[in-house]
1. Let me confirm something: among Val235, Val189, which residue is touching an Asp or Glu at 6+ places or on another chain (Cβ under 9 Å) and modelled with pLDDT of 85 or more?
2. Would you mind stating whether Thr193 is closer than 30 Å to Ala132 by Cβ and not in a helix (DSSP H, G or I)?
3. Would you say Leu191 is in contact (Cβ under 8 Å) with a residue 12 or more places away in the chain, under 30 Å from Leu140 (Cβ atoms), buried (at least 17 other Cβ atoms within 10 Å of the Cβ) and of a type in the set (A, V, I, L, M)?
4. Would you call Thr225 without any contact (Cβ under 8 Å) to a residue 60 or more places away in the chain and surrounded by 14 or more Cβ atoms within 10 Å (Cβ to Cβ)?
5. I'd like to know if the range 168-180 contains one or more residues that are in a helix (DSSP H, G or I), loosely packed, with under 14 Cβ neighbours inside 10 Å and in contact (Cβ under 8 Å) with a residue 12 or more places away in the chain.
6. For the range 177-185, state whether one or more residues are under 23 Å from Leu227 (Cα atoms) and among the aliphatic types (A, V, I, L, M).
7. Does the range 25-33 include one or more residues that are free of Cβ contacts under 8 Å to residues at least 24 places away in the same chain and among the β-branched types (Val, Ile, Thr)?
Amino acid sequence: MPAAPLRKIIDRAGHEADGRAGRAFALAVQILIVVSLVAFSIETLPNLPEAARRALHVMEIVIVAAFTAEYALRVIAAERKAKFIFSFYGLIDLAAILPFYLAAAGVDLRALRAFRLLRVARILKLVAYDRAASRFRRALRIAREELILFGGVAAVMLYLSAAGIYYFENAAQPDAFQSVFHSLWWALVTLTTVGYGDMVPVTFGGRALTFVMLTTGIGIVAVPTGLIASALSRVRAEDAAGAAKKKKKKK
């Protein structure tokens, strides 16, 4: 099949002439991805019967063969092959099949196939989601400076919290708070208000610092959310104004 018609099926599932073939291709890829992830998860179960392991191995061979064929088709259909190969999706596609061929290396990256679901969303060409993604990107650009500034402040607070809890708790719990670097984990889960409880302060100073951090952590989550929500509202207003302007011109 020539590259142009093949490209319409693989990368343009919503194309009018090849819409049915494109949707069938997208659905097949989606099913294959889900099946491969389920098979991988089942394979990690303990005490799995040998017959089941053999069946999963055969399934793995079939799935990798299908992924390899799909990757080859995408390379053939790409207008700029080098750009596709080194793109994010191209590298993810390659990472989905390389572990099988490089099993001797002892590194299993099959879980990376979950990222291929991002490609499915792009292939399906859902107009509503494309527009939503575009609005979100514009909102991030609008709030970019504020988010960068807030991220810097949060990083400073994270370090100061780790240093502070180390100062208060090191003498009382030398094994848990061995250094500022060890304390960074506690600072992170506390500042984000997750609080796993694996490192708990016992001194008055440590508990006081924890109270301040938990209170501050609410803002760590709320401020970026508010910035993005405000930017999204602005983008939606701009889109609505643009749509109204176009409608007025048509009249």
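1. Val189
2. Yes: the conditions hold for Thr193.
3. When the stated conditions are applied, Leu191 passes them.
4. Judged against the criteria, Thr225 is not a match.
5. Within the range 168-180 (the criterion being in a helix (DSSP H, G or I), loosely packed, with under 14 Cβ neighbours inside 10 Å and in contact (Cβ under 8 Å) with a residue 12 or more places away in the chain), the answer is no, since none of the residues qualifies.
6. No: zero hits.
7. Yes, some residue in the range 25-33 is free of Cβ contacts under 8 Å to residues at least 24 places away in the same chain and among the β-branched types (Val, Ile, Thr).
Yes/no matrix, rows are residues, columns are (1) among the hydrophobic types (A, V, I, L, M, F, W, C); (2) more than 27 Å from Ala133 (Cβ to Cβ); (3) in contact with a strand residue (DSSP E or B) (Cβ under 7 Å, 6 or more places away or on another chain):
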residue: Glu146; (1), (2), (3): no, no, no
residue: Leu149; (1), (2), (3): yes, no, no
residue: Val153; (1), (2), (3): yes, yes, no
residue: Ile165; (1), (2), (3): yes, yes, no
residue: Val235; (1), (2), (3): yes, no, no
residue: Lys245; (1), (2), (3): no, no, no
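The values are calculated or read from the model by the stated rules, or taken from the named source; none is laboratory data. The structure displayed is predicted, hence computed values, not measured ones. For neighbour counting, all protein chains shown are included, and Cβ atoms are generated from backbone atoms with ideal geometry for every residue, glycine included.
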